[in-house]
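Trainee: Quick one: the structure is below, questions incoming.
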Amino acid sequence: MSEVRVRFAPSPTGFLHIGGVRTALFNWLFARQQRGVFVLRIEDTDQSRSTDASIQAIVDGMHWVGLDWDEGPFRQTERMELYRSRAFELLERGKAYWCICTPEELESRRKEAEAKGLSPRYDGRCRNLAVGSPPGEAALRFKAPQEGQIVVEDLIKGRVAFDTSVLDDLIILRSNGYPTYNFSVVVDDGLMGITHVVRGDDHLTNTPRQIPIFEALGFPLPHFGHLPMILGSDKTRLSKRHGATSIMAYKEMGYLPEAMINYLVRLGWSHGDQEIFSRQELIEKFSWKNVQTSPAVFNPEKLLWLNAEYIKTGDIGRVVEALEPLLAASGLKAELRSCSREWLARLVLMVRERTKTLVEMVHWVGPYFGEAVTFEEEAAKKFLTPAVAPVLAKLAARFEALPSFSKQRWEEAFKKLVEEEGMKLGQLAQPVRVALTGRTASPGLFEVMEVLGRERTLSRLRRGMERAAEGSPSPEKPSQS
RNA sequence: GGUCCCAUCGUCUAGCCUGGCCUAGGACGGAGCCCUCUCAAGGCUUAAACACGGGUUCGAAUCCCGUUGGGACCA
């Protein structure tokens, strides 16, 4: 058994696309499962705007989702001589020929053919001309087979047959000396010893064009697999209109890479009813047989759900680690330095089940840093009213009488006071919540106190009481009962 | 236009290869109820699909043909 070698060959378009990540993922999973080699190759031949920055974007994206490669990144623009020499080799061996038809001629003949209802293929005019050294502008064409069938045993689609009559003699080297896509791909896949070419569905019809080139070049034929496309909600190709398509945009939106991978792998692949997979499980269970043949619609809501799952059930250290840079970026650098990892983990543990993204988590976690609270005006206006100020004062006094924080004891004290005042639990809970967090929504009150600690709980309670005593600064009359 | 691919709830999918276990299962999202100091989470319940038409067969989501509808590629 020879070693499995697969590749991911994106073109640098400025960022790494979600569809690309899925293609990379399937290749990567197969490579890791088979203990093979995963090659990264940048297909930048006709990308005049291909820059180091867009290659970096691909590398960064791959790093973020944790898809590591064993060889590369190779750049096609650095391999031009390879393509040229292989093209000339085909010329020498009579498998390619110079075509001196000008683009204008080709265009007019194409239109003519179309008008007659024929397929607009190259008519092979220069095929038997045997042009020696070309006088000026000329392209090199491959002599495609003219009879029989080309059968692709696709890993995913099964057997697909093409009639060679649909193939024309395609250009392999343009008159400007640049190789065409179909040629450079074959040279690379052949030279790199790729055993399984797995790529997007959109290349399926390129395959019968490429197979004869593999053969002419004397390369062993790899296996082929064509993955169905990822579509947007309107069933058209996924694009910016459907939301973010760059993988890094999801990092910025607070998604965990493991959630991203889990979502993407289920888009076109399944293992029974299982929804959640660890990376190791994926490597073990992945199989081409279970890859879907039909396209899939990208569903941001399910991705969001998965992200929430990973946030609330994932390893806490891992979640904290992913959150920290976002916290630092939100202006909490100093606070982050002065708090302990244990305390931060407790805080994250407290809020994680109410946040679906890390960005949401940053918002949820905000009130627990620093001494003072920032009241949300609406919340303060509604719940910190003069009427509750005395009760808040009593509560603070009772807590203060307790020597140290105890969740249970404080809760008892709280409930006792509620009872004595003839209130409902919620009537006091909300003002206290606003006093402690500045907001109307938070984790359980006593958990909040625990994370805040005795001193901050007390001082925030007093501050809330003051604010309540001041009453609403606006002239509006409170209308709530 | 030619060639090729595809078709199960709104979406991701199981089942299809190797017909009967399918009055079609799971998940997201939706609806309702429960829990509840708020917000979540959680629990329970529920609506929702085999594109259509022919065949083959005792029996078809599953096999065959066609139609329709999507998509890709070549220009």
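Trainee: Any residue at all in the range A:166-179 that's of a type in the set (Asp, Glu), near RNA strand B (Cβ under 10 Å from one of its atoms) and over 28 Å from A:Glu81 (Cβ atoms)? Give the derivation first.
Mentor: Going residue by residue through the range A:166-179, those that are of a type in the set (Asp, Glu) are A:168-169.
Filter again for near RNA strand B (Cβ under 10 Å from one of its atoms), leaving A:168.
Retained after the next criterion (residues that are over 28 Å from A:Glu81 (Cβ atoms)): none.
Looking for residues that are of a type in the set (Asp, Glu), near RNA strand B (Cβ under 10 Å from one of its atoms) and over 28 Å from A:Glu81 (Cβ atoms), one finds none in the range A:166-179, hence no.
Trainee: Quick one: is A:Ser472 modelled with pLDDT under 90 and not in a helix (DSSP H, G or I)? Spell out how you get there, then give the answer.
Mentor: Numbers: modelled with pLDDT under 90: yes; not in a helix (DSSP H, G or I): yes.
Spelling it out, A:Ser472 is indeed modelled with pLDDT under 90 and not in a helix (DSSP H, G or I).
Trainee: Here is a further query. Quick check on the range A:226-236. Is at least one of its residues in contact (Cβ under 8 Å) with a residue 12 or more places away in the chain, under 23 Å from A:Met62 (Cβ atoms) and of a type in the set (Lys, Arg)?
Mentor: So far as the range A:226-236 goes, no, none of its residues is in contact (Cβ under 8 Å) with a residue 12 or more places away in the chain, under 23 Å from A:Met62 (Cβ atoms) and of a type in the set (Lys, Arg).
Trainee: So, in the range A:78-97, exactly how many residues are out of contact with any Phe, Trp or Tyr (no Cβ under 8 Å at 6 or more places or on another chain) and surrounded by fewer than 16 Cβ atoms within 10 Å (Cβ to Cβ)?
Mentor: Total meeting the criteria: 9.
Trainee: Next question, about the same structure. From the list A:Leu358, A:Leu303, pick out the single residue that is farther than 25 Å from A:Thr437 by Cβ, surrounded by 14 or more Cβ atoms within 10 Å (Cβ to Cβ), among the hydrophobic types (A, V, I, L, M, F, W, C) and modelled with pLDDT of 95 or more.
Mentor: Among A:Leu358, A:Leu303, only A:Leu303 is farther than 25 Å from A:Thr437 by Cβ, surrounded by 14 or more Cβ atoms within 10 Å (Cβ to Cβ), among the hydrophobic types (A, V, I, L, M, F, W, C) and modelled with pLDDT of 95 or more.
Trainee: Is it true that some residue in the range A:413-427 is surrounded by 18 or more Cβ atoms within 10 Å (Cβ to Cβ), under 48 Å from the mean Cα position of the chain (by Cα) and not hydroxyl-bearing (Ser, Thr, Tyr)?
Mentor: Yes, there is a match, as at least one residue in the range A:413-427 is surrounded by 18 or more Cβ atoms within 10 Å (Cβ to Cβ), under 48 Å from the mean Cα position of the chain (by Cα) and not hydroxyl-bearing (Ser, Thr, Tyr).
Trainee: Something else: Scan the range A:300-308 and tell me whether some residue there is farther than 30 Å from A:Asp234 by Cα and part of a helix (DSSP H, G or I).
Mentor: Here is the first cut: in the range A:300-308, the ones farther than 30 Å from A:Asp234 by Cα are none.
No, that holds for no residue.
Trainee: Next up: Does the range A:238-271 hold any residues that are part of a loop (DSSP other than H, G, I, E, B), within 13 Å of A:Arg22 (Cβ to Cβ) and in contact with a Gly (Cβ under 9 Å, 6 or more places away or on another chain), and which are they? If you could, list the steps in order and put the result at the bottom.
Mentor: Start the filter on the range A:238-271 by keeping residues that are part of a loop (DSSP other than H, G, I, E, B), which leaves A:238-239, A:243-245, A:253-256, A:267-268, A:270-271.
Remaining after also requiring within 13 Å of A:Arg22 (Cβ to Cβ): A:238, A:245, A:267-268.
A:Leu238, A:Thr245, listed by residue number.
Trainee: May I pose another question? Looking for whichever is among the basic types (Lys, Arg) and in contact (Cβ under 8 Å) with a residue 60 or more places away in the chain here; the options are A:Lys240, A:Lys251. Which one fits?
Mentor: Going through A:Lys240, A:Lys251 in turn, the sole match is A:Lys251.
Trainee: Can you tell me which residue among A:Asp188, A:Asp169 is among the acidic types (Asp, Glu), touching a helix residue (DSSP H, G or I) at 6+ places or on another chain (Cβ under 9 Å), farther than 30 Å from A:Thr313 by Cα and buried (at least 18 other Cβ atoms within 10 Å of the Cβ)?
Mentor: On inspection, the qualifying residue turns out to be A:Asp188.
Trainee: Of all the residues that make up the range A:371-399, how many are touching a residue at least 12 places away in the same chain (Cβ under 8 Å), of a type outside the set (A, V, I, L, M) and surrounded by 13 or more Cβ atoms within 10 Å (Cβ to Cβ)?
Mentor: Total satisfying the criteria: 9.
Trainee: Condition first: in contact with a Gly (Cβ under 9 Å, 6 or more places away or on another chain), free of Cβ contacts under 8 Å to residues at least 60 places away in the same chain and not in a loop (DSSP other than H, G, I, E, B). Now tell me which residues in the range A:183-221 satisfy that.
Mentor: A:Gly190, A:Phe214
Trainee: Has the range A:208-220 got at least one residue that is within 30 Å of A:Asn299 (Cα to Cα) and at pLDDT 90 or above? Working first, answer last.
Mentor: We begin by selecting, within the range A:208-220, every residue within 30 Å of A:Asn299 (Cα to Cα); these are none.
Checked the range A:208-220: no residue is within 30 Å of A:Asn299 (Cα to Cα) and at pLDDT 90 or above.
Trainee: Tally up the residues in the range A:270-298 that are touching a residue at least 60 places away in the same chain (Cβ under 8 Å) and near RNA strand B (Cβ under 7 Å from one of its atoms), please.
Mentor: 6
Trainee: Let me ask something else about it. Which ones in the range A:414-439 are within 17 Å of A:Arg456 (Cα to Cα), more than 10 Å from RNA strand B (Cβ to nearest atom) and of a type in the set (D, E, K, R)?
Mentor: If the condition is that a residue be within 17 Å of A:Arg456 (Cα to Cα), more than 10 Å from RNA strand B (Cβ to nearest atom) and of a type in the set (D, E, K, R), then no residue fits.
The values are calculated or read from the model by the stated rules, or taken from the named source; none is laboratory data. Remember, it's a predicted structure, so these values are computed and weren't measured experimentally. Glycine gets a Cβ as well: all are built from the backbone with ideal geometry, and neighbour counts include every protein chain shown.
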